[in-house]
């Protein structure tokens, strides 16, 4: 089987992806600043890289047949100060630049790079009758300009004759972290916290589907370019929260609307992201033959309780 080199391999998606790749018989190398913290096991090893110093273990690149690029500081981990915004952008663009440099400087057999991006590319919808598609222009807000810089930074690998796939990922639903963990917190006290008016549309994807999509993109030579990695049926914040509450608490919960002005005080500029609607289409990836395990939130709900 092929060897897959992963950046961001210890994060939410990376951890689940590594497990599935090993189950399928692939060898996996995870790039990390501190490989000494981890133990190599059968099929799984760790190699050093440092995006600030633009240093990477060339041997790992030489061994790789495929690269999956997931590196990037968490969008919602901290309040968006100017310093944090810089970290978010540079963690993505510098990691891509380092991969480009490594592929240029090391003899390698890498055939495909599958690189993460985000539906933040599109911004807030202005026409509720249409869903965003891959050819739509980028938004001029923070996440839009970040996504544009992110995608542009990995583009030079094409000049080396590599196949490049970019997956614009929606909100990832998983029991291991991310949005669902935050939605569940108030449910421990019987509170279903609906953000703003709750009408904002969320384009999401289950962790199993995003993992399968990365592997699908890697294994299928016909895939090239940008694809939206979202489930077929977006859901409003209100419906998501209430359905989750019913799964977790049965009838024993109280819906509580959190006013927009409170979210703006608590989250600052990041509140824009939890209050905006972004309905994104997955028709392009479905036309390429991908079938979602979890197409609707109803299908997801029991798996994340």
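No value in this document is a laboratory result; all are computed from the given coordinates. Note that this is a predicted model, so its numbers are computed, not measured. Positions of Cβ are backbone-derived with ideal geometry, glycine not excepted, and every protein chain shown enters the neighbour counts.
Ratio of alpha-carbon Rg to the 2.2 N^0.38 Å globular estimate for the chain, to two decimals, please.
Working: Rg = 19.4 Å, N = 305, 2.2 N^0.38 = 19.3 Å.
Against the empirical 2.2 N^0.38 Å value, I get 1.00 for the chain.
Take the Cα of residue 145, step 7 Å toward its Cβ, do the same at residue 81, and the gap between the two points is 2.0 nm.
Only Cα pairs under 8 Å and 6+ residues apart enter the sum, and on that basis the relative contact order of the stretch 226-285 stands at 66 percent. The calculated 222 nm mean residue ellipticity attributable to helices in the chain amounts to -10500 deg cm²/dmol, summing -39500 (n - 2.57) over DSSP H runs of n ≥ 4 and dividing by all residues. Taking label positions 7 Å along the Cα-Cβ direction at both residue 62 and residue 242, the computed distance is 6.1 nm, reported to one decimal.
Wrap a convex hull around the Cα atoms of the stretch 20-126, take a quarter of its surface area, and give that in square nanometres. Don't skip to the end; give the middle numbers.
Working: hull surface 36.5 nm².
Averaged projected hull area, Cα only: 9.1 nm².
Peptides 109-116, 10-17, ordered by how many other C-beta atoms sit within 10 Å of their residues on average, highest first, read 109-116, 10-17. Once Rg and the Kirkwood radius are both taken over the C-alpha atoms of the stretch 140-197, their ratio Rg/Rh works out to 1.20. Take every Cα pair under 8 Å whose residues are at least 6 apart in sequence, average their separation, divide by the length of the stretch 1-130, and the relative contact order is 25 percent. In the stretch 61-202, the C-alpha radius of gyration followed by the widest Cα-Cα span (Dmax) gives 17.9, 57 angstrom.
Want the number for residue 10 to residue 293: 0.36 nm per residue separation, take away the alpha-carbon distance, what's left?
On the way: separation 283, 0.36 × 283 = 101.88 nm, distance 2.37 nm.
Gain on extension, residue 10 to residue 293, equals 99.5 nm.
Over all pairs of different C-alpha atoms, the stretch 1-76 has a mean inverse distance whose reciprocal, the Kirkwood radius, equals 12.5 Å.
Here the contact order of the chain, divided by its residue count and restricted to Cα pairs under 8 Å and six or more residues apart, works out to 17 percent. Peptides 256-262, 131-137, 70-76, ordered by how many other C-beta atoms sit within 10 Å of their residues on average, highest first, read 70-76, 131-137, 256-262.
Return the Rg/Rh ratio of the stretch 160-283 with Cα-based radii and a Kirkwood Rh. Before the final figure, lay out the partial values.
Values: Rg = 16.9 Å, Rh = 16.0 Å.
Rounded to two decimals, Rg/Rh equals 1.05.
When you count the other C-beta atoms within 10 angstrom of each residue and take the mean per peptide, 57-64, 167-174, 239-246 line up highest first as 167-174, 239-246, 57-64. Reported to the nearest whole Å, the Cα centre-to-centre distance from the stretch 14-53 to the stretch 100-179 is 22.
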